[in-house]
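Note sheet for the following structure.
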Amino acid sequence: MKYSLIAIIFILIFYGCGGIDPSPISISEQKPGFSGTITFLGDWPLDVKRTHLVVFKDILNSPDDFSILNIRYVSLEIPSGVSTYNYNSLDSSYIPIKEGEYSYIAVVQSKNDTLSLERKDWFVIGLYYNNNDTTKPGKIVIPPNTLTTGINIICDFNNPPPQPSGGGK
C-alpha cells in the first residue's frame, strides 16, 4: 500500500507537471511603441552634454511648442560619439509613448548638464521624414498594442535640418 501511494504521487508529479512554459504575450498585453535606427554622420560636437530622441504631438511652430504640454516621448540619453544607435521606445524613456499620431520626431542635443524643457537649450540635429521627403517633418501613427518599426533618422552634423524657432546652438 505504501509503495502504491508513492508510485501514484510520483506518476502525478511526473505526468501532471508540464514544466514552466512561458506563455506567449497576447496582443492585448503588447504596449504601443516605435523603434528604428539613428545614424550619425560627421564629427560629434565636443561641447554637447546631452542627446535625446524626442517626440512631439504637434509640430514646433513657436518656442512655446517645445513644452511639457506637447512633448509625448523623451528617450534616455543617447551615448556620445556613436555612429549608429538602435532604439526601441519600450526599452528606455523618461516619458513612455502612448498610441496616437505624432507630428515631430527629432534627435536633439544640448550643452546643458541637466535635462531642460526650454527650447533655447536644444538644437535639432535630425528629424524623421516620411518616405525621405525632407521638405517637412514626417508623422508617425502608433496604433494600440503595436510596435511601429522602421522609424529611422539620419543626423548629419554638417547639414542639420531647419531649426524650429527659438532654438539654441
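Of all residues being surrounded by fewer than 16 Cβ atoms within 10 Å (Cβ to Cβ) and of a type in the set (Lys, Arg) in region 36-62, which is farthest from ASN159 (Cα to Cα)? Just the residue, please.
LYS57
Go through (1) more than 18 Å from ILE153 (Cβ to Cβ); (2) at pLDDT below 95 for GLY100 and report which single condition fails.
Of the numbered conditions (1) more than 18 Å from ILE153 (Cβ to Cβ); (2) at pLDDT below 95, the odd one out for GLY100 is (2).
Residue by residue through region 72-90, note down the ones that are farther than 17 Å from GLY126 by Cβ and either open to solvent by less than 20 Å² (accessible area, probe 1.4 Å) or among the acidic types (Asp, Glu) (or both).
Once the filter is applied, which keeps residues that are farther than 17 Å from GLY126 by Cβ and either open to solvent by less than 20 Å² (accessible area, probe 1.4 Å) or among the acidic types (Asp, Glu) (or both), region 72-90 yields nothing.
Give, as residue ranges, the strands (runs of 3 or more DSSP E) completely inside region 106-168 that count at least 2 residues that are modelled with pLDDT of 95 or more and closer than 16 Å to THR84 by Cα.
123-127, 153-156
Just one of the numbered conditions (1) touching an Asp or Glu at 6+ places or on another chain (Cβ under 9 Å); (2) open to solvent by 30 Å² or more (accessible area, probe 1.4 Å); (3) farther than 13 Å from PHE34 by Cα is not true of ILE125; which one?
Single failed check for ILE125: (2).
Hey, could you check region 91-108 for residues that are surrounded by 18 or more Cβ atoms within 10 Å (Cβ to Cβ) and within 11 Å of the chain's Cα centre (by Cα) and say which is farthest from ASN61 (Cα to Cα)?
By that ranking, first place goes to SER93.
So which of ILE78, ILE105, ILE71 is in contact (Cβ under 8 Å) with a residue 24 or more places away in the chain and over 17 Å from SER35 (Cβ atoms)?
It is ILE71.
Among the residues of region 109-122 satisfying the criterion of being open to solvent by less than 40 Å² (accessible area, probe 1.4 Å) and either of a type in the set (Asp, Glu) or touching a residue at least 12 places away in the same chain (Cβ under 8 Å) (or both), which is nearest to LYS31 (Cα to Cα)?
Taking the candidates together, the pick is GLN109.
The values are calculated or read from the model by the stated rules, or taken from the named source; none is laboratory data. Since this is a predicted model, take the numbers as computed values, not measurements. When we count neighbours, we look across all protein chains shown, and the Cβ atoms used for this are built from the backbone with ideal geometry, even at glycine. Keep in mind that these areas ignore ligands, DNA and RNA; they rest on the heavy atoms of the full protein, side chains included. Shrake-Rupley method; radii C 1.70, N 1.55, O 1.52, S 1.80 Å.
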